[in-house]
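Working notes for the structure below.
The values are calculated or read from the model by the stated rules, or taken from the named source; none is laboratory data. Remember, predicted model here, so these are calculated numbers, not experimental data. Cβ atoms come from the backbone with ideal geometry, glycine included; neighbour counts cover every protein chain shown. Protein only, heavy atoms only, side chains kept; ligands, DNA and RNA dropped before computing areas. Shrake-Rupley method; radii C 1.70, N 1.55, O 1.52, S 1.80 Å.
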Amino acid sequence: MKKSGIYKILNIKNGKFYIGSAVWLNNRFYNHKTWLRKNSHHSDHLQNAWNKYGEENFIFEVIEECEKEK
């Protein structure tokens, strides 16, 4: 089952974070990582932090899972 919910991308070096929501969390995490690795993320602030601190200093966390309405 694909899960929906609220998520956080945490920079463990400075404690700053990005909050988002998604209908399919796994797909959203994959998309964020792909954009960040390609240096093409829509959030310049997150992209700059990713470039500065490196992928190993970011954690992708689910804050709350939600049931998808049909």
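Tabulated results
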item	result
Residue in the stretch 1-26 that is nearest to Phe58 (Cα to Cα), counting only those that are in contact (Cβ under 8 Å) with a residue 60 or more places away in the chain and within 13 Å of the chain's Cα centre (by Cα)	Ile6
Selected residue (criterion: least open to solvent (accessible area, probe 1.4 Å)) from residues of the stretch 61-70 that are closer than 13 Å to Tyr7 by Cα and touching a residue at least 60 places away in the same chain (Cβ under 8 Å)	Cys66
Subset of the stretch 34-60 that is surrounded by 12 or more Cβ atoms within 10 Å (Cβ to Cβ) and in contact (Cβ under 8 Å) with a residue 24 or more places away in the chain - its residue that is farthest from the chain's Cα centre (by Cα)	Tyr53
From Phe60, Phe17, residue being of a type in the set (A, V, I, L, M, F, W, C) and touching a helix residue (DSSP H, G or I) at 6+ places or on another chain (Cβ under 6 Å)	Phe60
Residue within the stretch 19-33 that is touching an Asp or Glu at 6+ places or on another chain (Cβ under 8 Å) and among the aliphatic types (A, V, I, L, M) present	yes
